[in-house]
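Let me begin by presenting the structure, written as structure tokens, before commenting on it.
Since every read-out is calculated from the coordinates, none of them should be taken as a lab result. Just so you know, these numbers come straight off a predicted model, no measurement behind them. Here Cβ is always computed from backbone atoms with ideal geometry, including for glycine, and neighbour counts include all displayed protein chains.
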Amino acid sequence: MQSAPKVFITGASSGIGSALARQYAQQGAFLGLAARRGKQLQALAETLTSAGATQVHCYPLDVADAAALRSAAEDFIARLGVPDIVIANAGVSVGTLTECAEDLEVIKRVLEINVYGMAATFSPFIAAMRQASKDGKPGRLVGIASVAGIRGLPGAEAYSASKAAAITYLESLRLELRSSGIKVVTIAPGYIETPMTAINPYRMPFLLPADEAARRFARAIERGTSYTVIPWQMGVVARLLRLLPNALYDRLFANAPRKPRSTG
């Protein structure tokens, strides 16, 4: 990977996305940052140049808008060239209950952002990255999943389902692109200190500060690791959860604390 990578990140206005932007800014990166909150995105961008970023371009958009993402990808490539790294980080997490009719739209929206938005992020870059790989410049497509996708959690039907789908989608994509030279990297974080986790009304084991998580993510991305859980302690927990028979898992987790439902 070149010393000053070209990196495109979605969900970049806060949390893990902004921490990753700061991490790559320290490497002198050329950055493309996408998020719905344009003012926050611009405010972040203004800090990144002084932090070391060579160039920063902002794209206020919703990742569920494939046309907007394609336009952003075309602009990024025209200005900076083919990216070395594309990170599909945008995601939402909220408690949902299928029995509540008003939650159905919330469930739809979570799946739209967390799964469809990931595919819509990667799609406009793949052809150019294939060609760059043939020219000896292999890139990385990085999907931010979650340990919540390993087994279903009560009150989190949409979030757990979306992250399980993301993990499987990324595995399929990895196989599809295996001969292209493009690395597909799946990162399944545990608990990271972000606005998304700040509302959780329960203890979060192995909680990592966002900037430390971003450093670990960047190392995994550089290695081209196909799948990793960060922090590693949550990886151990995840492997154990996979082994639990349903009867035992149900007994242990049926009354687990739940993330608050959307208030609109």
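Annotations for the structure displayed:
- Relative packing of peptides 8-18, 146-156 - highest average C-beta neighbours within 10 Å first: 8-18, 146-156
- The stretch 188-227: relative contact order in percent, alpha carbon pairs under 8 Å with at least 6 residues between: 42
- Averaging the sequence gap over all C-alpha pairs within less than 8 Å and six or more residues apart, then dividing by the number of residues, gives the stretch 6-253 a relative contact order of 18 percent.
- Listed residue pairs exceeding 21 Å between alpha carbons, taken from 39/183; 108/183; 6/108; 137/183: 39/183; 108/183; 6/108
- Computed from the C-beta positions of residue 236 and residue 123, the FRET efficiency with R₀ = 41 Å rounds to 0.75.
- Applying Stokes-Einstein at 10 °C and 1.306 mPa s to the Kirkwood radius of the chain, computed over alpha-carbon pairs, gives a translational diffusion coefficient of 85 µm² s⁻¹.
- The alpha carbon centroids of the stretch 164-217 and the stretch 5-74 are separated by 18 Å.
- Backbone phi angles across the stretch 77-92, fed through the Karplus curve with coefficients 6.51, -1.76 and 1.60 (θ = phi - 60°), yield HN-Hα couplings of 5, 5, 7, 10, x, 5, x, 7, 9, 10, 10, 8, 9, 4, x, 10 Hz in residue order; Gly and Pro are listed as x.
- Peptide ranges 92-100, 137-145 listed from the most packed, as the mean C-beta count within 10 angstrom indicates: 137-145, 92-100
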